[in-house]
Each structure stands twice: as C-alpha cells, then as structure tokens.
Amino acid sequence: MRKVLLIITTCYCIQVNAQNKIVLHPDRINDTISKNIYGHFAEHLGHGIYSGFYVGDNKKIPNKDGVRVDVVEALKKLKIPVLRWPGGCFADTYHWKDGVGPKDKRPSMLNVWWGNVKEDNSFGTNEFLNMCEELGTEPYLSVNIGSGTVQDVADWVKYVNHKEGTSPMTDLREKNGRTKPWHVKFWGIGNEAWGCGGNMTAEYYANVYRQFATFMTNWNNSDRLYRIASGASDNDYHWTEVLMTNIPHNMLNAVALHHYSVIDWNKKSSATNFTEEEYFKTMQQASLMEEYVQKHSEIMDKYDPQKKVALVVDEWGGWYDVEPGTNGAFLYQQNTMRDAMIAGLTLNIFNNHCDRIRMANLAQCINVLQAVILTNDEKIILTPTYHVMEMYNVHQDAARIPLDVTTNDYKLGDKNLKAISASASRDKNGAVHITLVNIDAKNAQDVSIDIGGLHAKSVTGRILRSEKLQDYNSFDKPEKIRPSVFNEAKINGSNLSLKMPAFSLVVLELK
C-alpha cells in the first residue's frame, strides 16, 4: 500500500498599492480651457456683499467708492474672470430699478430668502458693474423672472448696454452718473426655476425663457448677449432634455447646472469639526460632479453635436452647518483642507470637460459657503480654496491636454473612491501645467506621469497641504495654510515621478 504525503502550504500575501499612472496625450489637443471656468458668485446673502465686497462710507476700512481695496487686490491675484450677481434665490425677488439713483432715495426691501433682513439697495447695478471694471472681470447678471416682468428685464439690458441718448433707460443711466455703457455680455434668465425661482416645471420654464429671451436684445451684433438658461439640479436629466428640445438653439447660448457637495441636507456636518467618515461622504458628493457633467453633456450632445450650447455650472461647492453663534440664514462657514480637496477635484473635472463646460461659478466669493475670502471688520483672510483657485489659474485659456488616469482607491470600510485626480494644459508660451489632487485622508500616493513626448527639460512645482484635514486659516493665524515650493517631482526622459502626501494638491510646470 502506497503512502501519500500531503503537504499544505499557507501563503501570506501582503497587498501593495500599485503606482498611480497618468498618461498625457499632447497629440490630441483640440479644446481650450475657458478662463470663465474659474468664475465666482456674489449674492445678496449674509455678509457676502455688505462688509464683504462693500463697506459704503466706512472710514476704518480702505475702500474705493465703497468697495474694499483689500478684496479687489486679492481677487485680482486670482485673475477672477467672471462674477455672477445678484443671486441666487435673491435674484428672483430683486428689482434692479430700486438699486439705482441717489442712495438716499432708493427704496429698501426685505430679503425674504436669507434671514428676512432689510436690504437698503445701496449696492446696485452701477456699484456692481463699476466694481467689475475695477476687478477686470466680466459681469454675469442673473435676471428676475420669478417676480419681475419682461419689461423690467428689457429695460435693464438697455440701461447697461445701449449707447448714450438712445432710450429713456440710457438717459436714466446718464442721470445716474454713467455715460458709456458697460457692455454686459452674460445674462442668466432666472435662477433655479425648479425651486426658489418659481417652482416651475421644465416645460413651463422653457416657454418663460423663450418669452424673456425674445425681448432681451439690443439688435446690435457687436454687443450680442450670451443668454444662459436656468438649468438642472444634480441628476435632473429630464430638465436638460426639455430645455434642449423646447428652446430653439439660436435663442440659447448655455444651460446651467447646480451641484453642492452636501452630506445630508438635514444634517450637513460641521465645517471644521468633522470625522473622516464625514469627509469621505463629502468627497463622494464632490466626485458625483463627474457623473452629472458627463450625463448632462450626453443629453446635450444628442441635440447639439457641434457643442454650440455650453454647460455652465454656475453654483458649486461645499455646504456645511454655519459657524456656531452666527445667523443660520447667512451661510457663513469656515474653509478647511476638505474644501481645498473639493475645489481641486472639481476644477480638474471641469478642465477635462471643457469641450462642453465653458463657465463655472464657485458659491460663493466672500463670507458665504465655500468662500475664497473671509472678512471681519478690517481683517481679511484667504482660505485654502482661494489658494487652489490661484494655483489653478495657470489653466485659464490654455489648451487642454487629454490624459488617462489609473489610480489607487481611497478606501474607508467597504467603500472606495479614486484617490488621484488630474488635469493638464499647455499655455500660449508653451509651458505645460499638470494639476494633481490626492484626496486620500491617510495615505501618500506615488504617481508616475508619462508626458507623451513633450521633451520637457525642467519641472517645478507648488504644493498645498497641512497637518490635519480640519486645519483652516483663522483671523489669528491667517497663513496657517498657504502654497509652498514642491521639489519632489523628478523628470527622467518622458517620465515624471512624485510622491503626493495625503490630502494634498500639487501643480507642476514643465518647460
């Protein structure tokens, strides 16, 4: 009888994360990343306008015509390309004629959407458009179709755009101290018409849009308006389908989209005292922007294969509980490294879809939601989100370089997200910029980049990082988080290699 010896071997395997791999395709350049993707939003909400942008005749705070000098200087460094105003929900209760003329004669109103506070209309059309000139930014006016009339909107177009002496509205403008028109190009026809803008159906709104758009013109080809329809929230694909089928495309320049990175509308989490689980859920919501942009774009492609109608994401960002002790309706929240991760990830998505996305507006600019600036009397701080927008502005009006990203997962329990996101472009001087985000809260990531035969001789970089995800810039420590030099990227022929710390953002320049 033969004996058989059975040997059982146990194998202990240690899983090692594969290296993240990015491949650039400079031979496939077809699209330009519009600078307007880096746009901002200013609503009459909380301290966004008053004490944010505008301090009136406050002698303690340096200002020009009531607009804070420090804010203007900071926004100029961002190269802010476009600024949306006056809302938001506020826009569909705003009557522009109440905000022009001598300030002591302007009627006040009740801001019913944001705290039932008194609005004195001291910051109106002239103040906003003059401030945009000072900033060197394009104004984007959101018009009132919820409680306003077609005549109101038609008059507003004439007031800001017609040549002097050509209509009663231009006479009014001259009477109010402005002779030359401002030539406002961007016009949003309503805001969130599915909600605070009127609770309309898509079909009803499409007809309202057609009516207002018909009368919003000065029939001047050199001053043609860019009309933006109030678009969908998140994954309301029916809304986009209806607008693309029911509005003639010669009346439609763009369709809007809104998406906020909110964990739960009923329980949003603290802006600073959050857990890794809350961070992960926030990044899940931010990552959904890719899916929403892709699917809305696919609908638009069916009816507009030449991509003449743009997708405009004119509200996006993180939304949390307000800071303790502040007015709940004023939406004032601090800004941490979590917000920097939202901004970097989202802007990479926009850059990579620039064939359809030609404008976006972070919500909001100052003292509201994911702000780039916070103010407190004469003090001012620049948030981590500000620094991301400043670092990324190298992409403005640059040629998008298509890329493929193979990435490790950022895991939490049995759930996972892509750890690395990236976008790339080549500017008019030939410099190549690559923006990279590692959203992993715990692990550094090794990244290898195939630059596709670009023949770069040198690489320099900047990094935004901090010790904790919950870190933020305060009025006591205004520069706790700021960009620093990054020398860890190494170039070897057509390959770049670098290690990204956990929850960090890196911008590389190749020459």
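The values are calculated or read from the model by the stated rules, or taken from the named source; none is laboratory data. In this text the structure is predicted, and so the values were computed from the model without any measurement. All Cβ positions, even for glycine, are placed from backbone atoms using ideal geometry, and neighbour counts span all protein chains on display.
Figures for the structure shown
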quantity: Checking M500 against (1) of a type outside the set (S, T, N, Q); (2) touching a Ser or Thr at 6+ places or on another chain (Cβ under 8 Å); (3) surrounded by 22 or more Cβ atoms within 10 Å (Cβ to Cβ), the condition it does not meet; calculated: (2)
quantity: Test: residue in the stretch 146-155 that is within 31 Å of the chain's Cα centre (by Cα), under 27 Å from V69 (Cα atoms) and surrounded by 19 or more Cβ atoms within 10 Å (Cβ to Cβ); calculated: no
quantity: Answer residue from the stretch 354-377, given it is more than 14 Å from the chain's Cα centre (by Cα) and either basic (K, R) or assigned to a loop (DSSP other than H, G, I, E, B) (or both) and is farthest from Y332 (Cα to Cα) among those; calculated: D355
quantity: Of the criteria (1) over 25 Å from G39 (Cβ atoms); (2) of a type outside the set (V, I, T); (3) surrounded by fewer than 15 Cβ atoms within 10 Å (Cβ to Cβ), which one E298 fails; calculated: (1)
quantity: Qualifying residue in the stretch 210-226 (condition: of a type in the set (V, I, T), in a loop (DSSP other than H, G, I, E, B) and under 17 Å from T149 (Cβ atoms)); calculated: yes
quantity: First in the stretch 62-76 and in the same structural domain as Q364 (by TED's automatic domain parsing), second anywhere and of a type in the set (D, E) and surrounded by 13 or more Cβ atoms within 10 Å (Cβ to Cβ), Cβ under 6 Å, 6 or more apart; calculated: V72/E134
quantity: Candidates I80, I33, I8, I22 - the one that is touching a His at 6+ places or on another chain (Cβ under 6 Å) and either closer than 30 Å to T406 by Cβ or modelled with pLDDT under 95 (or both); calculated: I33
quantity: Long-range neighbours under 6 Å by Cβ, at least six apart or interchain, first residue in the same structural domain as A206 (by TED's automatic domain parsing) and buried (at least 21 other Cβ atoms within 10 Å of the Cβ) within the stretch 238-257, second in a strand (DSSP E or B) and aromatic (F, W, Y); calculated: N253/Y226
quantity: Residue under evaluation I380, criteria (1) more than 12 Å from the chain's Cα centre (by Cα); (2) surrounded by 20 or more Cβ atoms within 10 Å (Cβ to Cβ); (3) part of a strand (DSSP E or B); (4) assigned by TED's automatic domain parsing to the domain that holds S270, criterion not met; calculated: (2)
quantity: The stretch 451-473, residues that are in contact with a Leu (Cβ under 9 Å, 6 or more places away or on another chain) and of a type in the set (S, T, Y); calculated: S458, T460
quantity: Of residues in the stretch 412-443 being exposed (fewer than 15 other Cβ atoms within 10 Å of the Cβ) and under 24 Å from Q470 (Cβ atoms), the one farthest from the chain's Cα centre (by Cα); calculated: G413
quantity: Identity of the residue in the stretch 265-295, of a type in the set (A, V, I, L, M) and either in contact with a Cys (Cβ under 9 Å, 6 or more places away or on another chain) or within 30 Å of V242 (Cβ to Cβ) (or both), that ends up surrounded by the most Cβ atoms within 10 Å (Cβ to Cβ); calculated: A286
quantity: Complete set of residues in the stretch 45-76 that are surrounded by fewer than 19 Cβ atoms within 10 Å (Cβ to Cβ) and either basic (K, R) or assigned to a loop (DSSP other than H, G, I, E, B) (or both); calculated: S51, G56, D57, N58, K59, K60, I61, P62, K64, D65, K76
quantity: Residue match in the stretch 326-338 (condition: charged (D, E, K, R) and either in contact with a strand residue (DSSP E or B) (Cβ under 6 Å, 6 or more places away or on another chain) or surrounded by fewer than 21 Cβ atoms within 10 Å (Cβ to Cβ) (or both)); calculated: no
quantity: Test: residue in the stretch 402-409 that is under 26 Å from T272 (Cα atoms), touching a Phe, Trp or Tyr at 6+ places or on another chain (Cβ under 7 Å) and modelled with pLDDT of 95 or more; calculated: no
quantity: Selection status of D377, over 16 Å from I463 (Cα atoms) and free of Cβ contacts under 8 Å to residues at least 40 places away in the same chain; calculated: no
quantity: Hits in the stretch 383-399 - residues which are assigned to a loop (DSSP other than H, G, I, E, B) and either surrounded by fewer than 22 Cβ atoms within 10 Å (Cβ to Cβ) or not hydroxyl-bearing (S, T, Y) (or both); calculated: Q396, D397
quantity: Any hit, the stretch 39-55, residues being without any contact (Cβ under 8 Å) to a residue 60 or more places away in the chain and in contact with a His (Cβ under 6 Å, 6 or more places away or on another chain); calculated: no
quantity: Conditions (1) touching a residue at least 40 places away in the same chain (Cβ under 8 Å); (2) in a helix (DSSP H, G or I); (3) within 15 Å of L225 (Cα to Cα): number failed by D152; calculated: (3)
quantity: Pairs, first over 17 Å from H259 (Cα atoms) in the stretch 286-303, second buried (at least 21 other Cβ atoms within 10 Å of the Cβ) and of a type in the set (S, T, Y), C-beta under 6 Å, six or more apart; calculated: I299/T240
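Conditions tested, residue by residue: (1) more than 30 Å from I61 (Cα to Cα); (2) crowded, with 24+ Cβ neighbours inside 10 Å.
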site: T346; (1), (2): yes, yes
site: N352; (1), (2): yes, no
site: V368; (1), (2): no, yes
site: L374; (1), (2): no, yes
site: I401; (1), (2): yes, yes
